[in-house]
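To start, the structure itself, in structure tokens.
Nothing in this text is a laboratory measurement; each read-out follows from the coordinates by a stated rule. Remember, it's a predicted structure, so these values are computed and weren't measured experimentally. Don't worry about glycine lacking a Cβ; one is built from the backbone with ideal geometry, like all the others, and counts go over all protein chains shown.
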Amino acid sequence: MDPDSKRLRVSVSDGTGRAVRDGGLARWLAAVAPPRASGEVNVALVSDLRMRALNRKYRRKDKVTDVLAFADNDALGDLAIATGVARRQARDAGHSYQTELRVLALHGLLHLLGYDHHDRRDNGRMGRVEAALRRKGGLASSLIERASAPRAPAKSRQVGA
């Protein structure tokens with residue numbers, strides 16, 4: 001058996017199939033992926049408009065989202081990441097766009113591997129795996145951790161004192 005057939009291969013494109021400079025995203029994702037992840041993952045960096053159309057078509061949700069995963073039982077699958085959303089989330093999280101792409105790609109990869117934090121039967125399993133892999137990859141937080149963190153209360157004005 002070819003040893004490379006057991007490894008995860010990642011490519012990054014602009015959504016039309018043209019390769020883009022990925023700042024090491026493909027190499028990073030392949031390095032932090034769980035050992036059972038093998039096959040190919042194609043990551044498409046798409047506009048928010050394109051992501052909204054994909055979300056509407058495949059999930060019947062007429063809004064932009066950050067990452068979508070399209071599993072392919074034979075080859076692992078494809079990820080779409082909305083670049084505008086990623087830039088806004090990076091700014092809000094206080095880290096770089098490249099870091100946000102890693103957060104989103106890792107989250108999407110776990111969905112391709114069959115994890116689903118939206119499923120009640122998951123019992124936090126995806127969150128635990130995501131947290132372990134983000135630590136391995138040097139990320140400060142994962143998407144699930146960020147989403148479940150309590151939000152800071154809005155600053156209120158004090159009237160009188």
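The distance separating the Cα centre of the stretch 45-68 from that of the stretch 106-142 comes to 21 Å.
This model, with +1 at the C-beta of Lys and Arg and -1 at the C-beta of Asp and Glu, gives the stretch 15-123 a dipole about its Cα centre of some 400 debye. Between P150, A75, L113, the Cα set farthest toward the positive side of the dipole of the chain (charges on each charged residue's Cβ, about the Cα centre) is that of P150. Counting DSSP beta bridges in the chain, what percent are antiparallel, to the nearest 5? The antiparallel proportion sits near 35 percent. In the chain, the calculated helix contribution to ellipticity at 222 nm averages -12000 deg cm²/dmol per residue, counting -39,500 (n - 2.57) for every DSSP H run with n ≥ 4. Mean projected area of the Cα convex hull of the stretch 1-86, taken over all directions, amounts to 6.2 nm². With all pairs of different C-alpha atoms in the average, the Kirkwood value for the hydrodynamic radius of the stretch 71-147 is 13.0 Å. Comparing N42, N123, N55 in a Gaussian network model of the chain, where Cα atoms under 10 Å apart are tied by springs, the biggest mean-square fluctuation is seen for N123.
The ellipsoid that matches the Cα gyration tensor of the stretch 10-57 has semi-axes, each √(5λ) in whole angstrom, of 23, 14, 9, with the longest given first.
Sorted from greatest to least, the principal axis extents spanned by the alpha carbons of the chain come out as 75, 32, 32 Å.
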